[in-house]
Each structure stands twice: as C-alpha cells, then as structure tokens.
Amino acid sequence: MAESTIQQQPVRGWDKPELDLSEADWQSSSRGLGDVQIAFVEGFIAMRNSGSPESPSLIFTPAEWGAFVSGAREGEFDLT
C-alpha cells in the first residue's frame, strides 16, 4: 500500500508560528480533574486533550486565551 500525504494550506489570517510542543510543560486543568491540559510556549498558550495528547493542540495568543477563559466563565463554552 502506498503512503500518501495531504498538504494543508495555512488558514487565511493564521499568524501563529508552528510551535515545538515536544518539550512543553503540560499542566492539567481543574486541579487534575479535567480532560484538558495547557502549556505556555514562546508567548502562546497551547491546549490539548489529555486523553489524546497526540492529537493537534489549539494555539491561543494571550488575548485569545483571555477571551476564551472569560467566555467559559460566563458559560459560553461547555468544558465538560
């Protein structure tokens, strides 16, 4: 079976660098009770599913992270 790769084009307006998360210091959310982990890398915040750490991580700028957390506190996001 031949291997194939799909070339993905960057999303328009995506101005975030490709971060090396291999050495990131991942921290569990909710005092270790949640399924989300975050890491602070090169001025950005990375978030991943702790149950599938090999899955792609979401990358936030500090302003985006602040808006996300604020929305979550107001009930805009279901984090369970």
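Residues whose amide H falls under 5 Å from that of V36, counting only those 5 or more places apart or on a different chain, are S29, S50, with hydrogens built in the peptide plane.
Measure off, as a whole percent, the carbon and sulfur share of the 1.4 Å-probe accessible area of region 40-80, all protein chains present.
Values: 1570 of 2820 Å².
For region 40-80, the apolar C and S fraction of the accessible surface comes to 56 percent.
The length gained on full extension between F40 and Q27, counted as 0.36 nm times the residue separation minus their Cα-Cα distance, comes to 3.8 nm.
The values are calculated or read from the model by the stated rules, or taken from the named source; none is laboratory data. Model, not experiment: these values are computed from the prediction. Surface accessibility is based on the protein's heavy atoms, side chains included, excluding ligands, DNA and RNA. Shrake-Rupley method; radii C 1.70, N 1.55, O 1.52, S 1.80 Å.
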